[in-house]
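The values are calculated or read from the model by the stated rules, or taken from the named source; none is laboratory data. All values derive from a computational prediction rather than experimental measurement. Positions of Cβ are generated from backbone atoms using ideal geometry, with glycine treated the same way; all protein chains shown enter the neighbour counts.
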Amino acid sequence: MAPLHHHCELIGWSEPKVISRFLIAAVVFACFSLATLKLR
């Protein structure tokens with residue numbers, strides 16, 4: 001388990017809540033990276 005994941009569980013978030021928040025963040029960052037990708 002990643003340290004940030006463990007920290008979120010220690011502050012009281014449930015496992016599904018932690019997973020869903022990290023999934024949302026991953027999708028947002030992936031969309032941002034694809035939007036800023038410059039193709040030749």
query: Under 9 Å by Cβ, and 6 or more places apart or on different chains, what pairs join a residue from region 19-36 that is loosely packed, with under 10 Cβ neighbours inside 10 Å with one that is among the hydroxyl-bearing types (Ser, Thr, Tyr) and assigned to a helix (DSSP H, G or I)?
result: none
task: Would you mind stating whether Leu23 is of a type in the set (A, V, I, L, M) and either at pLDDT below 90 or touching a helix residue (DSSP H, G or I) at 6+ places or on another chain (Cβ under 8 Å) (or both)?
output: no
